[in-house]
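Report on the following structure.
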Amino acid sequence: MDTISSDFPIFQRYPRLIYLDNAATTQKPRPVIEALREFYENYNSNIHRGVYSLSEQATDIYERSRERVARFIGADPSQIVFVKNATEGLNLAISNMRSREIVSTIYEHHSTLLPIYRYSKSYRLERDPYRIRSSNIVINHLSNVTGKVIDIQIVRDNNPDAVIVVDGTQYIPHFRMDLKKIDVDFYAFSPHKMLGPTGIGILYIRDPMKYEPLIYGGGTVSNVTERMYRLLDNNSRYEAGTPPIAEAYASSVAMDYLEAHREHLERLDREILKEANRLFDEYRIYPINRDQDVPIFSFYFQRIHPHDVAEILDTAHNIAVRSGYHCAQPLHEHLGIGPTTRASFYIYNSIEHLNRLMEALKNVVRKFT
């Protein structure tokens, strides 16, 4: 077991597992798991309104975690909102576009499409993201099906006055980010897709006082009477109820881990992409897109259901992949294909895992043809 893999307890429990479902969620390194336990064993209490020392310690951990997140993406802590997941963050952002026309792309995840359908006055899905012209734009930074990056700066340059909401859930795990250099209004991502815990999402809001919360409740107001309420004039207005305190702390630890191994990840992504293109030709097994920016490969086999592919990969080869529409059914329909089998790589994978995948896919194709 290599040094990176040895940091992940799940691979010690299942040493033969080849985990290639990282676009759905990543495994957790020991420091992240320990951070959750550390918080609950040593600091567990609610935050912000407690004047006793334990609550003050928990509050300090929570707010320092927000500062770490802000540094990670090049933002100010006042622009960072902790939510339940990126889906909630996207719903929050898009709900602030209610009753407007929204333009998006056919490449979007259902987490953006469904709020657009729900809140917009009307909408349009472009096939070419660089043809978008609108005052309200919702767009992904990297497709979870094609593995292709959309250059958000080009979209902004084409729409200098637009409100732009970005789904960064697939981009942030692989690339460095400086939101000071990308002029967007909202940016959402998921710590659990970048070695962090589930149960938390992160939403960047460029101007938090300009928008309204999605959820109202305790902790969001400065004053409540029988007839009125007044929202707080800071980012806490978006964090109703008890927030994901331990998860925020563990997410900050995940960011520290990722930064410490950033060069390894970037090198691995390059090596897997290069070798994958060689192996696709060697095995004559091709993903639906061969122009990936990260190693996310979606395969379509006309006569083989992707659930059958995934089951055989699991039971016969100990390879875990995702099968289905990947919450992007309109994209599959646009491409004229049914559901696909997706293999997505991350920091603890290897070229050997890629070789094993392609050999296993060859066996699956042989079995069904």
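Just so it is clear, none of the values below were taken in a lab; they were calculated from the coordinates. Note that the structure is a prediction, hence the values are computed from the model and not measured. Heads up, the Cβs are rebuilt from the backbone with ideal geometry, glycines too, and the neighbour counts pull from every protein chain shown.
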Most mobile of Val155, Val224, Val81 in a GNM of the chain (Cα contacts under 10 Å)
Val224
Would you mind checking Lys28/Lys274; Lys193/Lys367; Lys28/Lys121; Lys28/Lys210; Lys180/Lys274 for any pair whose Cα atoms are more than 29 angstrom apart?
Lys193/Lys367; Lys28/Lys121; Lys28/Lys210; Lys180/Lys274
Projected onto the charge dipole of the chain (+1 at Lys/Arg Cβ, -1 at Asp/Glu Cβ, origin at the Cα centre), which of Val221, Ala93, Asn136 gives the Cα projection farthest towards the positive end?
Asn136
Magnitude of the Cβ-charge dipole of the chain, K/R +1 and D/E -1, about the Cα centre, nearest 20 debye?
760 debye
When ranked by the protection proxy of mean other Cβ atoms within 10 Å per residue, highest first, what sequence do the peptides 71-80, 344-353 form?
344-353, 71-80
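Stretched out fully, how many nm does the piece from Asn46 to Glu226 gain, at 0.36 nm a residue minus the Cα gap?
Working: separation 180, 0.36 × 180 = 64.80 nm, distance 2.62 nm.
Computed gain between Asn46 and Glu226 is 62.2 nm.
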How big is D, in µm² s⁻¹, for the range 43-257 by Stokes-Einstein at 25 °C and 0.890 mPa s if Rh is the Kirkwood radius over C-alpha pairs?
138 µm²/s
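If you count the DSSP beta bridges with both ends in the chain, what percent of them are antiparallel, to the nearest 5?
Values: 20 of 37 bridges.
Within the chain, antiparallel bridges account for around 55 percent of the total.
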Packing-ranked peptide list from 258-264, 132-138, 169-175, highest mean Cβ count within 10 angstrom first, is 169-175, 132-138, 258-264
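Antiparallel DSSP bridges in the range 43-257: what percent, to the nearest 5? If you can, show how the numbers build up before the last one.
On the way: 12 of 26 bridges.
Approximately 45 percent, going by the DSSP bridge assignments.
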What's the whole-number percent of alpha carbon pairs in the chain lying beyond 40 angstrom?
17 percent
So for each of 53-62, 25-34 I average, over its residues, the number of other beta carbons within 10 Å; can you give me the resulting order with the highest mean first?
25-34, 53-62
